[in-house]
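The values are calculated or read from the model by the stated rules, or taken from the named source; none is laboratory data. These numbers come from a predicted model, not from an experiment. With ideal geometry, Cβ positions are generated from the backbone for all residues, glycine too; neighbour counts draw on all protein chains shown. Quick note on the areas: whole protein, heavy atoms, side chains included, nothing else; ligands and nucleic acids left out. Shrake-Rupley method; radii C 1.70, N 1.55, O 1.52, S 1.80 Å.
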Amino acid sequence: MVNIKELKASIGETQILKGLNLEIKPGEVHAIMGPNGSGKSTLASVLAGREDYDVTGGSVDFESRDLLEMDATERARSGLFLAFQYPVEIPGVSNINFMRAAVNGKREHEGLDPIKGKDFLNLVKEKASLVELDGRLRNRSVNEGFSGGEKKRNEIFQMAMLEPRFAVLDETDSGLDIDALRIVANGVNAMRSPDRSFLVITHYQRLLDYIVPDFVHVLVDGKIVLSGDKDLALKLEEKGYDWIKEDVIA
Amino acid sequence: MTGTAEPIVMDLQRKPNIHPATQAKGEALLAALADLRTGTGLATEYLKELPVPHRRVERWKHTPVSGFWTTYEAPKVQTIQAAGCEACPVPGLHAYRIVFVNGMFDAEASDLPVHSGVRCEPVSMIASAPAEAGNLEKSDWFAALNQSHATEGMKLHVDKGVVLDRPLLVHHHTHGQKSANFLRHEIQVESNAQVQLIHWSTSNEAASGMVNIMMQLDVASGATVALDKVQDEAGQVHHLAFEQINQAQASQVRVHTGTIQGKWVRNDLNFRLDGEGCDAVLNGFFLPKDNEFVDNHTTVDHCAAHCTSSEQYQGILYGSSSGVFNGKVFVRPHAQQTNAYQQNGNILVTDKATINAKPELEIYADDVKCSHGCTIGQFDEEALFYARSRGIGESEAKAMLVHAFIGDVLDGFAVQEVRMEVEHRLATKHGWDTWNDTLESA
Ligand SMILES: Nc1ncnc2c1ncn2[C@@H]1O[C@H](COP(=O)(O)OP(=O)(O)OP(=O)(O)O)[C@@H](O)[C@H]1O
Ligand SMILES: [Mg+2]
């Protein structure tokens, strides 16, 4: 599904990703953990096509296509989704119009006609119930005045609407209360399928109790330094990152 | 016309500020116009004294007028039918209508109000002395040009307490090349009366020349007037619009100016709040493209206490277009407890687009609340990326942000049908239709 090889990326003069390797097969859920500033969000942004970053080396293969050749819109339409660590507020654009443009963008890419108003609203209803997104939030401006938790729920709602092939969730659990965490995790689990993959970035093992990963990777200083199964997350929770820096890297 | 205090606008102009070469252009224009119609009245004297606008006349600093120095011809078309244009530019609008084509009244296309307490006639059909010059005509060369050359326009009188049952649409259409159109509308709304006006300007693709429209609006105490102004002129027309609005005690006036298209547009909107407890609202948006030019000069003159004024202008400039916003707010010494708000936001879509924006607040009273803000920026890159990451194309994402940027102002048209038609025309011009229609929540 996704094959990242020796990926190097920098912003301005600063190199942040320093040769990152990761292969994700269809249906797999991978978790990435790592200290603040290690490059997790940078990886997510580079995958989503943010132009602020310069890719200085390596390759990303997405369903046998060169992901790095596509612009952000095309990546999304081809089935990549990024749930932002900090979702963006767009005053004056209603959530629902925003989503319809997104859904129609994808449909256009697939050679389909724009979705009918009624079908769209039914889809919204169905997907919003998946993450228990309050009906009022759908009609408000995109993320404007949403609480931290509501923003994260909205990200998952958008993901459910767009039904991506590969979703990157960047700290979707931070800022969620215990109930919301369960709701969001259930939403993600409901979408797990043999032909859909996830990359879950998190700081807390707790999320992985709900969304059980196939693999856990540790990202330190722009590289994946250690990979394991879900038990690795437990070990990290208990021991922190220092032992990795000392034992593994040294 | 009432008022005791001398308007400050005039003081600026009183210094002789003649630029000989430009003055000669102005005189040449007068000579060219003389073949079509001769200027009359006192204003011809003002024309001799006033400086023809050039770069060092403060209110024309960023407003190039060279497009006016050309030749003009008598119009060939005098009716909306001959012009092949709709008499009512707003489909489904149930309104009274007064239609002018190339500066002439089109009786056939008009549907004048038949309503007790309302008199509405074209100026050419009434034998009365022409209106006195207002302050603008004494201070501005192009306004004086209007007064000396306008022989047509609408005269509207609404009696005390009358509520006009439908909006009144004033439609001006320019058809053909090199026309010189002057209109002068005089409107008096007596106390506690209520009226909704729509002022719509159109022109055909081949049109050129000038349109110079003056509106004098006197609003007596407790009266309410809404004016929705829409400018959608194709071709090469140069459009000058002057409004002088005088408000008496506790009157309410809102003017909403939307410039959809126009090669060259100058709006000169002036409010004078003469009685206590007035409320003035002035909103506008402009979205010039290519090398269009749009200028909004506004003045709100707070002459009495306890008045509020609220102003919001939003501009989005595409291509190599340019714009001017100048918002003057005067608060006179007696105008205590004034509440004046002004906001002007601009987005430059390309690096070739330009805007000259200047808020000017002069406050001579001490117990007032005045705020203003002015922004000039690009598109919000974060929001753009967020939209693109959802599979929304870049140009559509931009259209979405544009719509959001002017949304508040768009919503503020007094007449719902006008808002919808404006939105439709903007959508056509900017390719918004794909996402724009709102959904009912299920
Ligand atoms: N736009 C930028 N300009 C300059 N430096 C940046 C920029 N974006 C990221 N960085 C730097 O790159 C490094 C990696 O940042 P990144 O956001 O990828 O970390 P992260 O692993 O997601 O951290 P966190 O766990 O705190 O979210 C940090 O040192 C950060 O300061
Ligand atoms: Mg991060």
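Per-structure values
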read-out	value
Single match in B:LEU93, B:LEU164 (criterion: farther than 30 Å from B:ARG56 by Cα, open to solvent by less than 20 Å² (accessible area, probe 1.4 Å) and in contact with a Pro (Cβ under 8 Å, 6 or more places away or on another chain))	B:LEU164
Of all residues making up the stretch A:67-93, the number that are at the interface with another protein chain (Cβ under 7 Å from one of its Cβ atoms) and open to solvent by 20 Å² or more (accessible area, probe 1.4 Å)	3
Spans of helices (runs of 4 or more DSSP H) in the stretch A:131-250 with at least 2 residues at pLDDT 90 or above	A:148-162, A:178-191, A:205-210
Search result, residues across the stretch A:198-250 that are within 22 Å of A:GLY19 (Cβ to Cβ), open to solvent by less than 60 Å² (accessible area, probe 1.4 Å) and not aliphatic (A, V, I, L, M)	A:HIS217, A:GLY222, A:GLY228, A:TYR241
Residues being over 30 Å from A:TRP243 (Cβ atoms) and within 6 Å of ligand 1 (Cβ to nearest atom) - total across the stretch A:32-51	0
Meets criteria (in contact with a Lys or Arg (Cβ under 9 Å, 6 or more places away or on another chain) and away from ligand 1 (no atom under 14 Å from the Cβ)) for A:LEU17	no
Test set (1) within 16 Å of ligand 2 (Cβ to nearest atom); (2) over 21 Å from A:PHE146 (Cβ atoms); (3) assigned to a strand (DSSP E or B) - A:GLY57 fails condition number	(1)
Sole exception among (1) more than 16 Å from ligand 2 (Cβ to nearest atom); (2) under 17 Å from the mean Cα position of the chain (by Cα) for A:GLY145, by number	(2)
Of residues in the stretch B:360-404 being open to solvent by 50 Å² or more (accessible area, probe 1.4 Å) and at the interface with chain A (Cβ under 9 Å from one of its Cβ atoms), the one farthest from B:GLN343 (Cα to Cα)	B:GLU394
Matching residues, the stretch A:1-45, being of a type in the set (Ser, Thr, Tyr) and within 15 Å of ligand 2 (Cβ to nearest atom)	A:SER38, A:SER41, A:THR42, A:SER45
The stretch A:10-22 residues that are of a type in the set (Ser, Thr, Tyr), paired with ones that are within 16 Å of ligand 2 (Cβ to nearest atom) and assigned to a strand (DSSP E or B) (beta carbon under 8 Å, 6 or more apart)	A:SER10/A:ILE16; A:SER10/A:LEU17
Residue satisfying all of: in the stretch B:26-45; modelled with pLDDT of 90 or more and within 26 Å of B:THR299 (Cβ to Cβ); surrounded by the fewest Cβ atoms within 10 Å (Cβ to Cβ) among these	B:LEU29
Number of the exception - A:ASN95 against (1) modelled with pLDDT of 95 or more; (2) in contact with a Leu (Cβ under 9 Å, 6 or more places away or on another chain); (3) away from ligand 2 (no atom under 16 Å from the Cβ)	(1)
Looking only at the stretch B:341-386, and only at residues there that are outside any helix (DSSP H, G or I) and acidic (Asp, Glu), the one that is nearest to B:VAL402 (Cα to Cα)	B:ASP380
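Residue-wise test of (1) over 14 Å from the mean Cα position of the chain (by Cα); (2) part of a loop (DSSP other than H, G, I, E, B); (3) of a type outside the set (Val, Ile, Thr).
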| residue | (1), (2), (3) |
| --- | --- |
| A:LEU17 | yes, no, yes |
| A:LEU20 | yes, no, yes |
| A:GLU23 | yes, no, yes |
| A:SER38 | yes, yes, yes |
| A:VAL46 | no, no, no |
| A:ASP61 | yes, no, yes |
| A:MET99 | yes, no, yes |
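Table: residues versus (1) over 14 Å from B:HIS185 (Cα atoms); (2) among the polar types (S, T, N, Q).
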residue: B:PHE68; (1), (2): yes, no
residue: B:GLN78; (1), (2): yes, yes
residue: B:GLY84; (1), (2): yes, no
residue: B:PRO89; (1), (2): yes, no
residue: B:PRO122; (1), (2): no, no
residue: B:ILE126; (1), (2): no, no
residue: B:LYS138; (1), (2): yes, no
residue: B:HIS149; (1), (2): no, no
residue: B:GLU152; (1), (2): no, no
